[in-house]
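Visitor: Below is one structure. I have some questions about it.
The values are calculated or read from the model by the stated rules, or taken from the named source; none is laboratory data. Note that the coordinates shown come from a computational prediction; the quantities given were computed from them, not determined experimentally. Every residue, glycine as well, gets a Cβ built from its backbone with ideal geometry; the counts of neighbours run over all protein chains shown.
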Amino acid sequence: MTDILIPVRPAELVDQIVSAETSEMPLGPGESDNDLVPRLTQMRSIAATFLPTDTDVSPEAIRSARRDVCQLIADLNACEARADFGIGFIALARAYLDALHTLGHCKAEYDAAALNWMQMRNAPSHDFEGEA
């Protein structure tokens, strides 16, 4: 496997770790769940080395929001499998959009806190302003 290294926002790293932990991370061609173990180990090591642990904003908010999104996706898929597109499906779809909004808000808060933490400790950081 060839790795392409790119800068990533702190919150995105946390989100990728949660995705790998919940087996929601997309696999590449020819990859299996066993390929996630070394990737998850590497991401956890990077997070432990470079991400803040003593800020007011915890990565747990991202974890919780991502898990909510994953659960809503599972619920929507169950409705689709039953061809149930009634009011329950609509409510789930609205909840899913709200959960995505919450996840985005949690990630923005964590990125701001992490960037501040990095700057206060003179750690190498990237300017996350204007990135998608």
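Visitor: Could you say whether any residue in region 61-80 is at pLDDT below 80 and either among the basic types (K, R) or assigned to a helix (DSSP H, G or I) (or both)?
Guide: No: region 61-80 contains no residue that is at pLDDT below 80 and either among the basic types (K, R) or assigned to a helix (DSSP H, G or I) (or both).
Visitor: Any chance region 72-81 includes a residue that's surrounded by 15 or more Cβ atoms within 10 Å (Cβ to Cβ) and under 16 Å from the mean Cα position of the chain (by Cα)?
Guide: The answer is yes, given that some residue of region 72-81 is surrounded by 15 or more Cβ atoms within 10 Å (Cβ to Cβ) and under 16 Å from the mean Cα position of the chain (by Cα).
Visitor: Quick one: is A108 within 18 Å of S64 (Cβ to Cβ), surrounded by fewer than 16 Cβ atoms within 10 Å (Cβ to Cβ) and at pLDDT 85 or above?
Guide: Taking the combined requirement at face value, the residue satisfies it.
Visitor: Step by step: first the residues of region 48-71, then only those that are of a type in the set (D, E) and surrounded by fewer than 16 Cβ atoms within 10 Å (Cβ to Cβ), then the one that is nearest to the chain's Cα centre (by Cα). Which residue is that?
Guide: E60
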